[in-house]
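Below: one structure, written as structure tokens.
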Amino acid sequence: MSLLNDLININLSDTTEKIIAEYIWCLLSFSFVYDHIYDHQVTSLVLKLFSFFLCVCRIGGSGMDLRSKARTLPGPVTDPAELPKWNYDGSSTGQAPGDDSEVILYPQSIFKDPFRKGNNILVMCDAYTPAGEPIPTNKRFNAAQIFSDPVVAAEEPWYGIEQEYTLLQKDINWPLGWPVGGFPGPQGPYYCAAGADKAFGRDIVDAHYKACLYAGVNISGINGEVMPGQWEFQVGPSVGISAGDEVWVARYILERIAEIAGVVVSFDPKPIPGDWNGAGAHTNYSTKSMRNEGGIAVIKKAIEKLGLRHKEHIAAYGEGNERRLTGRHETADINTFSWGVANRGASIRVGRDTEKEGKGYFEDRRPASNMDPYVVTSMIAETTIIWKP
């Protein structure tokens, strides 16, 4: 075993300039025959409708489906534009027919590889057809278009995403630290707690924290959550499209660390029914106008616009969210839009400091833990900056 560890930790720079690049992409694992994705005559309207349909389908057993594969490059790379495009077998992921199976990966952002270290890198990609059309599960493409809009770019939208997740015992899919077939004591002593009878999986959480910092993910903190076995990490403040890239890479790193530990990560928004907290991805948001003097008026106007599009946002904020947004356990009812100062039972929470200073940010508490950060961040920007009621 020690020899295996020695081989895993070989420093390639001692003998070669070559590096390993791990190409990462996300997809929806909905079992469907995508016969028409590669019909290059398909209309953009059909693609958009199909894309929306896929958006509300369940993704992955953990709440998402991340894939990756590695390739050797001749030397260090720091600019995604210098990386070659690659491809994968879309027929093996349910994204293309077998007779036209190539899906093309476009490198979009680079992070240091905390597993291989050295000059090796993680590469966040999005996926296209051979004709250069984004495939329906490519949510980054539309998000990038929104964030590149001059009006949006001028507002410099900042995001801070609070990603909650649950650690499960492998094979039995039951929360880490819970007795097999049974339940721990009621909620109360577990939030931000310490102790072997209250905090389960801290080694995984701390390893993930440090690995994200090493990789260059703008991770800003971690904490134990209300339900035992549930944790949270925060990413941000991140500007525009980078928020989505960083959350997806942070999720990938977490999955890899949990894999090493033999633990399953669940992003299900309500992993345990009953009197237990669900898991969300609260999204903190501000624009330049909100951060400037008098920004509270801009914030209130943005919240008003979000209320007018409540149903559209809920439909895009994650699958299974109706099990979480019940009006209990620090949530608002899924069918009712509300906002308030320091109110964690509202759809939108405005902080006390923001109210006091008359500028700042607000928190959208509706997104589920399995939300797509590209969809959520770009939709908030589109509604609050571009959309005219």
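The values are calculated or read from the model by the stated rules, or taken from the named source; none is laboratory data. Quick caveat, the model's predicted, so the values are computed rather than measured. All Cβ positions, even for glycine, are placed from backbone atoms using ideal geometry, and neighbour counts span all protein chains on display. The area values use the complete protein model at the heavy-atom level, side chains included, leaving out ligands, DNA and RNA. Shrake-Rupley method; radii C 1.70, N 1.55, O 1.52, S 1.80 Å.
Looking at this structure, is Lys198 open to solvent by 30 Å² or more (accessible area, probe 1.4 Å) and touching a residue at least 12 places away in the same chain (Cβ under 8 Å)? Spell out how you get there, then give the answer.
On the way: open to solvent by 30 Å² or more (accessible area, probe 1.4 Å): yes; touching a residue at least 12 places away in the same chain (Cβ under 8 Å): yes.
For Lys198, the condition - open to solvent by 30 Å² or more (accessible area, probe 1.4 Å) and touching a residue at least 12 places away in the same chain (Cβ under 8 Å) - is met.
Identify, from the list Phe233, Phe267, the residue that is over 26 Å from Asp333 (Cβ atoms) and of a type in the set (Phe, Trp, Tyr). Lay out the reasoning, then the answer.
Values: Phe267 fails: over 26 Å from Asp333 (Cβ atoms).
Sole residue among the options that is over 26 Å from Asp333 (Cβ atoms) and of a type in the set (Phe, Trp, Tyr): Phe233.
Picking from Arg365, Arg309, which residue would you name as being under 22 Å from Phe233 (Cβ atoms), at pLDDT 95 or above and among the charged types (D, E, K, R)? Full working, then the answer.
Working: Arg309 fails: under 22 Å from Phe233 (Cβ atoms).
After ruling out the rest, the residue left standing is Arg365.
Which numbered condition trips up Lys311, out of (1) under 30 Å from Met227 (Cα atoms); (2) exposed (fewer than 15 other Cβ atoms within 10 Å of the Cβ); (3) touching a helix residue (DSSP H, G or I) at 6+ places or on another chain (Cβ under 9 Å); (4) of a type in the set (Lys, Arg)?
Going through (1) under 30 Å from Met227 (Cα atoms); (2) exposed (fewer than 15 other Cβ atoms within 10 Å of the Cβ); (3) touching a helix residue (DSSP H, G or I) at 6+ places or on another chain (Cβ under 9 Å); (4) of a type in the set (Lys, Arg) one by one, Lys311 breaks only (3).
If we scan the range 279-293, do we find a residue that is under 30 Å from Gly188 (Cα atoms), in a helix (DSSP H, G or I) and not hydrophobic (A, V, I, L, M, F, W, C)?
Kept after step one, since they are under 30 Å from Gly188 (Cα atoms), are these residues of the range 279-293: 279-285.
Next cut, in a helix (DSSP H, G or I) only: none.
No, the range 279-293 has no match at all.
Among the residues of the range 294-306, write down those that are part of a helix (DSSP H, G or I) and open to solvent by 30 Å² or more (accessible area, probe 1.4 Å). Walk me through it before giving the result.
Taking the range 294-306 and keeping what is part of a helix (DSSP H, G or I), we get 295-306.
Answer for the range 294-306, where residues must be part of a helix (DSSP H, G or I) and open to solvent by 30 Å² or more (accessible area, probe 1.4 Å): Ile296, Ala297, Val298, Lys300, Lys301, Glu304.
Among the residues of the range 222-235 satisfying the criterion of being in a strand (DSSP E or B) and crowded, with 21+ Cβ neighbours inside 10 Å, which is farthest from the chain's Cα centre (by Cα)? Give the steps one after another, and end with the answer.
Initially, the range 222-235 is screened for residues in a strand (DSSP E or B), giving 222-224, 230-235.
Pick out the ones that are also crowded, with 21+ Cβ neighbours inside 10 Å and you get 224, 230-233, 235.
Values: Gly224: 18, Gln230: 16, Trp231: 15, Glu232: 12, Phe233: 11, Val235: 10 Å.
Selected residue: Gly224.
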